[in-house]
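Please read the structure below before turning to the comments.
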Amino acid sequence: MRRLFDDELADLDADFTEMGMLVSEVIQQSVDAFMQRDAATAQRIIDHDHDINEREIKLEKKTFEMIALYQPVTTDLREIVTILKAVSDLERAGDHARNIAHSTIKMGSKRKVPVLEQLLGQMGQMTTQMVQDVLKAYVNKDDQEAQALADVDRKLDHMNHQVREHSYEQMRLDSDFETGASIYLNVAQDLCRIGDYVTNVCEWIIYLKSGHIVELNSASEAD
């Protein structure tokens, strides 16, 4: 029975990591599509959004089955609960990548603002790296790395404020750019939310390692 449990847990770990990699790829693709105004890629991201949702449902079902069948305790239970909780955060991060794809289509041929393009490009790189780093932290059960990622999330929040300031400035200079500015604001907000959800996963990694539930995101950042 123990061997069967270990095998199924290893499969669960692998499926969770695979989903995380998919989410990371989709975030990167959505950011690239926005930066390049690639509506075709953005539409493909939207059309395949169900892939991530289906993986979440499959993983959740598997965790419930394992809890019911094996009735795990202590560390084993914490690992299953971590995946159950974290998979939801990954799926929501994927939802925000889809939102960015929608923004790409809405943006169309509206003019690019260099300072905003630069900020969003940096935020996109940071969020993609955050997902990759949190997956490594999970695989290595590295609670210190998970804790450190909260600092990256705070940097994203700061850059989001910068995007807001520059967007408002552009609207003051050009009243016709209101729609374009609002799209920039939405993309920055989506990237910030992705950072928040990655930080939630960090909290569950810390729980997995220590058994303690911590709060790395302030209440004001909750989605």
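The values are calculated or read from the model by the stated rules, or taken from the named source; none is laboratory data. Computed from a predicted structure; not experimentally measured. Here the Cβ is made from the backbone with ideal geometry for all residues, glycine too, and neighbour counts use every protein chain on show. Side chains included, ligands, DNA and RNA excluded: accessible areas come from the protein's heavy atoms. Shrake-Rupley method; radii C 1.70, N 1.55, O 1.52, S 1.80 Å.
When you look at T75, is it closer than 30 Å to S182 by Cβ, in a helix (DSSP H, G or I) and over 18 Å from the mean Cα position of the chain (by Cα), yes or no?
no
With respect to K155, is the statement that it is among the basic types (K, R), part of a helix (DSSP H, G or I) and more than 26 Å from E79 (Cβ to Cβ) true?
So K155 passes the test.
Which residue is farthest from K110 (Cα to Cα), if the candidates are limited to the stretch 185-199 and must be surrounded by 23 or more Cβ atoms within 10 Å (Cβ to Cβ) and either touching a His at 6+ places or on another chain (Cβ under 8 Å) or modelled with pLDDT under 95 (or both)?
Only one residue fits best here, namely Y197.
Please pick out the residue among L216, L149, L173 that is modelled with pLDDT under 95 and loosely packed, with under 13 Cβ neighbours inside 10 Å.
Answer to the check: L173.
Here are some residues: R111, R92. Which one is in contact with a Phe, Trp or Tyr (Cβ under 9 Å, 6 or more places away or on another chain) and surrounded by fewer than 15 Cβ atoms within 10 Å (Cβ to Cβ)?
The match here is R111.
Give me the pairs: first residue in the stretch 45-66 and open to solvent by less than 90 Å² (accessible area, probe 1.4 Å), second residue not in a helix (DSSP H, G or I), beta-carbon distance under 8 Å, and six or more apart or on different chains, which are they?
Within 8 Å, the pairs are M66/P72.
I'd like the full set of residues that are over 15 Å from N186 (Cα atoms), aliphatic (A, V, I, L, M) and over 12 Å from the mean Cα position of the chain (by Cα), limited to the stretch 114-135.
Of everything in the stretch 114-135, just one residue is over 15 Å from N186 (Cα atoms), aliphatic (A, V, I, L, M) and over 12 Å from the mean Cα position of the chain (by Cα), namely V115.
Y207: open to solvent by 30 Å² or more (accessible area, probe 1.4 Å) and either in contact (Cβ under 8 Å) with a residue 60 or more places away in the chain or not in a helix (DSSP H, G or I) (or both), yes or no?
yes
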